[in-house]
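The values are calculated or read from the model by the stated rules, or taken from the named source; none is laboratory data. Every value quoted in this text rests on a predicted model; they were computed, and no experiment measured them. In this analysis, Cβ positions are derived from the backbone assuming ideal geometry, glycine residues included, and neighbour counts consider all displayed protein chains. All accessible areas refer to the heavy atoms of the entire protein, side chains included, with ligands and DNA or RNA removed. Shrake-Rupley method; radii C 1.70, N 1.55, O 1.52, S 1.80 Å.
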Amino acid sequence: MLVLTRNISEVIVIKHNDILISFKILEVRGNKIRIGFIAPKDIIINRFEVENVEIQNFVKKEFEKCGEFC
């Protein structure tokens, strides 16, 4: 897992082949962060709790692998 620190208005970009997805930190209020996403319309971006159990289990296993950095 890659762990990044960003300030408000800074952007993170993910590029895979010709697909570009960007995340912008919009606001921090206490322990909540507002993030804006820009991605192609055929890319689904969703909250973890909305996704199905199979995807949740995969993500949980990946987070368990990274130990203290998660």
Restricting to lysines and to Cα separations under 20 Å from K24, and discarding same-chain partners fewer than 8 apart, the set is K15, K32, K41
Go ahead and estimate [θ] at 222 nm for the chain from helices alone: -39,500 (n - 2.57) per DSSP H run with n ≥ 4, summed, over the residue count, rounded to 500.
-> -6000 deg cm²/dmol
Local charge sum around V11 (other residues, Cβ-Cβ under 15 Å, Lys/Arg +1, Asp/Glu -1)?
-> +2
Diffing the stretch 45-61: the Karplus 3J(HN,Hα) column from phi (6.51, -1.76, 1.60, θ = phi - 60°), in whole Hz with x for Gly and Pro, holds 10, 9, 6, 3, 5, 8, 6, 6, 4, 4, 5, 4, 5, 4, 5, 4, 4
Å² of accessible area per residue within the stretch 1-48, as computed with a 1.4 Å probe and no ligands counted = 93
Putting +1 on Lys and Arg Cβ atoms and -1 on Asp and Glu Cβ atoms, find which of V13, G67, G36 reaches farthest to the positive end of the dipole of the chain.
-> G36
Can you list the HN-Hα couplings for the stretch 9-24, worked out from phi with the Karplus curve (6.51, -1.76, 1.60; θ = phi - 60°), rounded to whole Hz and with x for Gly and Pro?
-> 6, 7, 10, 10, 10, 10, 10, 9, 6, 9, 9, 10, 10, 10, 10, 10
By the C-alpha gyration tensor axes a ≥ b ≥ c (rounded if a/c is under 1.5, else prolate when a/b exceeds b/c, else oblate), the shape of the stretch 30-70 is oblate
Dipole moment magnitude, nearest 20 debye, the chain about Cα centre, only Lys, Arg, Asp, Glu C-beta charged = 260
Which FRET efficiency, nearest 0.05, do K65 and K15 yield, Cβ-Cβ r, R0 25 Å?
-> 0.60
Out of [x] 14.2; [y] 12.1; [z] 13.8, which label holds the value of Kirkwood radius over Cα pairs in Å that was computed here?
-> [x]
The chain - percent of accessible surface contributed by carbon and sulfur, probe 1.4 Å | 55
